[in-house]
């Protein structure tokens, strides 16, 4: 956990003082400090969390995203002003705005961005793979197994929940078809209104690119389907899949099941205090991993049908 004294030290590194920090916003993987001074418009100082290796990785991916987006004239992102490798962080323009509603405007903004990123990939604009990108089933299974090992090392993690996750992993890792996935697009890896801002001029801006890079369109569409804060209906998901030229059999082939299982492990990790590696329980607004296991059972029962419910649709009809 980053403390306030470190915020001050990082601000000093950019030529500001503690007095310039007017606001601190805590995110899942970083803190954003609002920097105000008489010499410039407000700035956003984003400070990454985690190990030094993880923080440098986040910085590398975010810098690559800004390079690609700015070089290709994509203007609805903050302007990058500076960065630091010593204290992995970036300094960019502050966007005065709020999280937009889930409506046609925000949905279309994300769809258009997804299509633009696919187009940029075809132009060979980036050779960096996204964080947790996948090109095969085995690769995704190994990512999930690594998440499982992390939970095994957590003090007092509920044994019944760990066993439920492990038995589900064993089922899916044993019967999934082998095969390659195409690395065929660029992706922010986490699309949703939680990573958007809309300003007073009704312009939507994209923020948070620390997972940016090349990835599979199948993984992207599966994430949109299984995301705990998913924005799109199953019908809309299929429309996006058609735009991305994805075979609708991605549901039958088990891609979606494994991605949903990965989200179960993400939900489980949010029950852990990462500093002490102790189980602390589920927060009020976080997801229950057991809901994902139920969703996997539903997907398994309908594995021969390209019609399916998104995770949120499934929860609403249970």
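The values are calculated or read from the model by the stated rules, or taken from the named source; none is laboratory data. Bear in mind that the values here come from a model prediction, so they are computed numbers and not experimental data. We place every Cβ from the backbone using ideal geometry, glycine too, and count neighbours over all the protein chains shown.
Residues of segment 85-109 that are free of Cβ contacts under 8 Å to residues at least 60 places away in the same chain and surrounded by 17 or more Cβ atoms within 10 Å (Cβ to Cβ): 88, 90, 92.
Of the residues in segment 145-156, at least one is within 16 Å of the chain's Cα centre (by Cα) and either assigned to a helix (DSSP H, G or I) or in contact (Cβ under 8 Å) with a residue 40 or more places away in the chain (or both).
The set of residues in segment 10-21 that are surrounded by 13 or more Cβ atoms within 10 Å (Cβ to Cβ) and outside any loop (DSSP other than H, G, I, E, B) comprises 10, 11, 12, 13, 20, 21. Scanning segment 118-137 for residues that are surrounded by 14 or more Cβ atoms within 10 Å (Cβ to Cβ), out of contact with any helix residue (DSSP H, G or I) (no Cβ under 9 Å at 6 or more places or on another chain) and assigned to a helix (DSSP H, G or I) gives a single hit, 121.
Name the residue, out of 198, 176, 204, 183, that is touching a strand residue (DSSP E or B) at 6+ places or on another chain (Cβ under 7 Å) and modelled with pLDDT under 95. Among 198, 176, 204, 183, only 183 is touching a strand residue (DSSP E or B) at 6+ places or on another chain (Cβ under 7 Å) and modelled with pLDDT under 95. Count of segment 57-81 residues, restricted to those that are modelled with pLDDT of 95 or more and at positive phi, is 0.
Of all the residues that make up segment 22-37, how many are without any contact (Cβ under 8 Å) to a residue 24 or more places away in the chain, surrounded by 15 or more Cβ atoms within 10 Å (Cβ to Cβ) and more than 12 Å from residue 47 (Cα to Cα)? Selection size over segment 22-37: 1.
Taken as a whole, segment 216-223 holds at least one residue that is closer than 26 Å to residue 151 by Cα and touching a strand residue (DSSP E or B) at 6+ places or on another chain (Cβ under 6 Å).
Given the structure, is residue 112 more than 19 Å from residue 133 (Cα to Cα), assigned by TED's automatic domain parsing to the domain that holds residue 220 and exposed (fewer than 14 other Cβ atoms within 10 Å of the Cβ)? The answer is yes for residue 112.
Taking every residue in segment 178-202 that is without any contact (Cβ under 8 Å) to a residue 60 or more places away in the chain and assigned by TED's automatic domain parsing to the domain that holds residue 137 and pairing it with any residue that is surrounded by 19 or more Cβ atoms within 10 Å (Cβ to Cβ) and part of a strand (DSSP E or B), at least 6 positions away or on another chain, the pairs with Cβ-Cβ distances below 8 Å are 183/214; 183/215; 189/213; 189/215; 195/206. One residue alone among 290, 244, 261 is buried (at least 21 other Cβ atoms within 10 Å of the Cβ) and at pLDDT 90 or above, and that residue is 261.
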